[in-house]
Amino acid sequence: MAVRGEFSSRIGFILAAAGSAVGLGNIWGFPTKVASNGGAAFVLMYLLLAFVLAYPVLMAELIIGRASRSNMVDALGKISNNFVGRATGLWGCLTVSLILAFYAIVGGWMLVHFADSAVSLVGLEGASEWLLTFSDTRNIIFCAIFMALTAFIVVGGVKAGIEKWSVRLMPTLVILILALIVYVSFQPGAVEGWSAYLVPDFSSVLNPDLLISAMGQAFFSMSLGVGTMLVYGSYLSKQENLPVIGASVALVDIGVAVIAGMLIIPAMYVALNNGIEIFTPQGALIEGDSLIFTVLPALFDTIGTVGVFVSFVFFALMTIAAVTSSISMLEVPVAYVVESKNIDRKRAVVFMALAIFAASCVIIFNFGSLFGLVITATTQYSQPLLGLALCIFAGWVWRRDNILNELKAGNPEAEKGIFWKVWPWYVRFVCPVVIALMFYRSIA
């Protein structure tokens, strides 16, 4: 059996895990939720709920992963000592593979707009027109390029692939966001955007829908429930203090979401100042793919020649955000195939990447009926239920002395700390109830 990889440094793990968490949702979902739900008041509730709900589940994944030193299927199998754990692990692998199947299509769109910015810089109008025309051929080609890019990084393994590229891509991501914030902040209309984002409206703080929305954003923004953090945790050194390193990951993820808002919301109000519609007919801010592929490109078009350069940098940023998440998603089924089926990493990566790309092609050829369905089934239904299952495994199935021994490996005084006094009962009683409530509200 192949020797398991391990992250060589704490910063390497934090950047890889934060990269997994920092995806397109942080950049196109979080900012508009903030501006539409009381500005800084929503940010405060999000910060609170990220640590009240998401952090305990993140810790469950990290502790299970490092203790078991194995993929999601084998890890949950070891805890439960029966087929239920393994079945839950397989469910997680299937869910994350389906998420990656639609995510690769969206990642391909980021590459399309990045390529369009590049060809626009050199004046190739015919190429630009082909790139921006929605077609199966275009979608398949760029989805394939995105999956190849993801597979290229994952083939390198933990140190030479995931850690090496995360340490390069994550700082680049932050630098690009900060550079764009500076540029956008000096444009007419940006001040109104900063006001919408940062001025709190405390009257809406206790609105149940706002709280559910903030909970959902906190939970999904850390990519919890599908085994990415569990698998990354399994590559973590036994010397690391898990509660501290988990808090670091959560803070980096939250930090990137917050600074993304400092870019997106002022940019939307600059677009409004330039005559571009940024509100839906219902009065809410446009979000999601309409924001990224309609509002912001229209903004870049209105700011002349420099707009092409700004577009180039922005879609480079979006591509990096997509890739840092996709590598962690591909690693979940790859780790299972390598360890359970004893297949070498290169063959496992090629096999899983091709299988997921095939699923992407099925979605592309049936776009109208499958794209939204797959997103809803995985992120709205499967992911919170998997998060609930992980809480049950960590809180009810796994022996508490085994959990404590794992925490003591990185901190001999763990038993006396605040984390051990709160987390075991919290993940046992509070998290399952809150996640179940959130799930019920989201589907009711």
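Each Cα pair under 8 Å and six or more residues apart adds its sequence gap; the mean of these over the residue count of the range 10-443 is a relative contact order of 34 percent. Applying a length cut-off of 24 Å (Cα extent along the axis) and a mean Kyte-Doolittle floor of -0.5 to the DSSP H helices of the chain leaves 83-121, 136-155, 164-185, 242-273, 305-340, 345-365. For the chain, the dipole from Cβ point charges (+1 on Lys and Arg, -1 on Asp and Glu) about the Cα centre works out to 1600 debye, to the nearest 20.
Magnitude of the charge dipole for the range 340-444, about its Cα centre and with charges confined to Cβ atoms of Lys, Arg (+1) and Asp, Glu (-1), is about 120 debye. Note on the chain: with a GNM built from Cα contacts shorter than 10 Å, the maximum mean-square fluctuation among Gly126, Gly85, Gly39 falls on Gly126.
Using just its DSSP H runs of length 4 or more, each adding -39500 (n - 2.57), the chain gives a mean residue ellipticity at 222 nm of -23500 deg cm²/dmol after division by all residues.
Arranged from highest to lowest average of other beta-carbon atoms within 10 Å per residue, in what order do the peptides 95-106, 142-153 appear?
Top to bottom by mean Cβ count within 10 Å: 95-106, 142-153.
Reported to the nearest whole Å, the Cα centre-to-centre distance from the range 43-82 to the range 365-400 is 14. Scanning residues 5 or more positions from Gly29 or on other chains, none has an amide H under 5 Å from its amide H, with H placed 1.01 Å from N in the peptide plane. Kirkwood-type hydrodynamic radius, the chain: 22.2 Å, calculated from all non-identical alpha-carbon pairs.
The charge dipole of the range 112-223, taken about its Cα centre with unit charges on the Cβ atoms of Lys, Arg (+1), Asp and Glu (-1) only, comes to about 560 debye. Pick from Gly25, Gly372, Gly307: which is most flexible by mean-square fluctuation in a GNM of the chain where alpha carbon atoms under 10 Å apart are linked? For the chain, modelled as a Gaussian network with Cα springs under 10 Å, the answer is Gly372. Candidates Trp91, Leu124, Val374 compared by Cα position along the dipole of the chain: farthest toward the positive end lies Trp91, with charges placed on Cβ.
Could you check which residue among Lys238, Lys159, Lys341 shows the biggest mean-square fluctuation in a GNM of the chain with a 10 Å Cα cutoff? Looking only at Lys238, Lys159, Lys341, the biggest GNM fluctuation is shown by Lys341. Under 5 Å from the amide H of Ile286 lie the amide H atoms of Phe279, Thr280, each residue being 5 or more positions distant or on a separate chain, with H modelled from the backbone and absent for Pro and chain starts. All C-alpha pair distances within the range 307-444, sorted into 10 Å bins from zero, spread as 9, 21, 29, 28, 11, 2 percent across the bins.
Bear in mind that the values in this text are calculations on the coordinates, not laboratory data. Computed from a predicted model, the values in this text were never measured in an experiment. FYI the Cβ positions are ideal-geometry reconstructions off the backbone, even for glycines, and counts take in every protein chain you see.
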